[in-house]
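Structure first, commentary second.
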Amino acid sequence: NAGVTQTPKFQVLKTGQSMTLQCAQDMNHEYMSWYRQDPGMGLRLIHYSVGAGITDQGEVPNGYNVSRSTTEDFPLRLLSAAPSQTSVYFCASSYSRGLANEQFFGPGTRLTVL
Amino acid sequence: AQTVTQSQPEMSVQEAETVTLSCTYDTSESDYYLFWYKQPPSRQMILVIRQEAYKQQNATENRFSVNFQKAAKSFSLKISDSQLGDAAMYFCAYRSAGGGSQGNLIFGKGTKLSVKP
């Protein structure tokens, strides 16, 4: 199993550009989520999904869109990048409930918006 | 809403010594999970230890153990025989036992642990 994969690992954007951060998992997990990590802030939830076709907002959703057309993939779209979106982004997945609901994290994407 | 507080932004320990990282949380739920994640400079998030709230026994994983005080809403991490490889950022996290939005992880702001040789 590859676990949770994220691409790209690094990205530099200019203000106003758009891009998609890719996330995929091969563990058949129902639950997937996106977090952003900023210095001194811990990890904050952007969007999450409890299954294919179902998404919802987290704590800091503004400026981001998601979709979940398959169980495996959960891309995060930045529609018009802003410097405030400079951050490290993590994708995570897990089973929805029960004892086996440890969240597995991808390696992260470091995004810089100039 | 649930919150997680890590009151120690930075900690330092001598190699081979023991260190305790603090975490408190606020919740009105009775069933939940608590986690400690380690983030080394590689930035990969690594699960260190997990505790189910309904279990009174404190979880232990090799040199890592927790002191779970449910009534006090406290969940501290003890690292024994500290090693240089333990140097990292440590995050405490809370997760409801329910599904849907309750399954989201709520993180503290982290404690940066340094290990001195």
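The values are calculated or read from the model by the stated rules, or taken from the named source; none is laboratory data. Only a predicted model underlies this, so the values are computations on that prediction, with no experimental measurement involved. Don't worry about glycine lacking a Cβ; one is built from the backbone with ideal geometry, like all the others, and counts go over all protein chains shown.
General remarks:
- Strands (runs of 3 or more DSSP E) lying entirely in the stretch B:40-117 (those with 3 or more residues that are within 14 Å of another protein chain (Cβ to nearest Cβ) and crowded, with 17+ Cβ neighbours inside 10 Å): B:46-52, B:88-96, B:105-107
- Residue among A:82, A:24 that alone is at pLDDT 95 or above, of a type in the set (Gly, Ala, Ser) and under 15 Å from the mean Cα position of the chain (by Cα): A:24
- Restricting attention to the stretch A:74-100 and to residues that are over 20 Å from residue B:43 (Cα atoms), surrounded by 19 or more Cβ atoms within 10 Å (Cβ to Cβ) and not small (Gly, Ala, Ser), the residue that is farthest from the other protein chains (Cβ to nearest Cβ) turns out to be A:78.
- Looking at A:6, A:25, A:37, A:17, just one residue is over 18 Å from residue B:95 (Cβ atoms), touching a residue at least 40 places away in the same chain (Cβ under 8 Å), of a type in the set (S, T, N, Q) and out of contact with any Cys (no Cβ under 7 Å at 6 or more places or on another chain), and that residue is A:17.
- Filtered residues of the stretch A:23-32 (kept if over 11 Å from residue A:89 (Cβ atoms) and surrounded by 16 or more Cβ atoms within 10 Å (Cβ to Cβ)): A:24, A:25, A:29, A:30, A:31, A:32
- Some residue of the stretch B:2-24 being within 14 Å of chain A (Cβ to nearest Cβ), touching a residue at least 60 places away in the same chain (Cβ under 8 Å), touching a Gly at 6+ places or on another chain (Cβ under 7 Å) and assigned to a loop (DSSP other than H, G, I, E, B): yes
- Residue match in the stretch B:57-69 (condition: in contact with a Phe, Trp or Tyr (Cβ under 6 Å, 6 or more places away or on another chain), at pLDDT below 95 and farther than 15 Å from residue A:42 by Cα): yes
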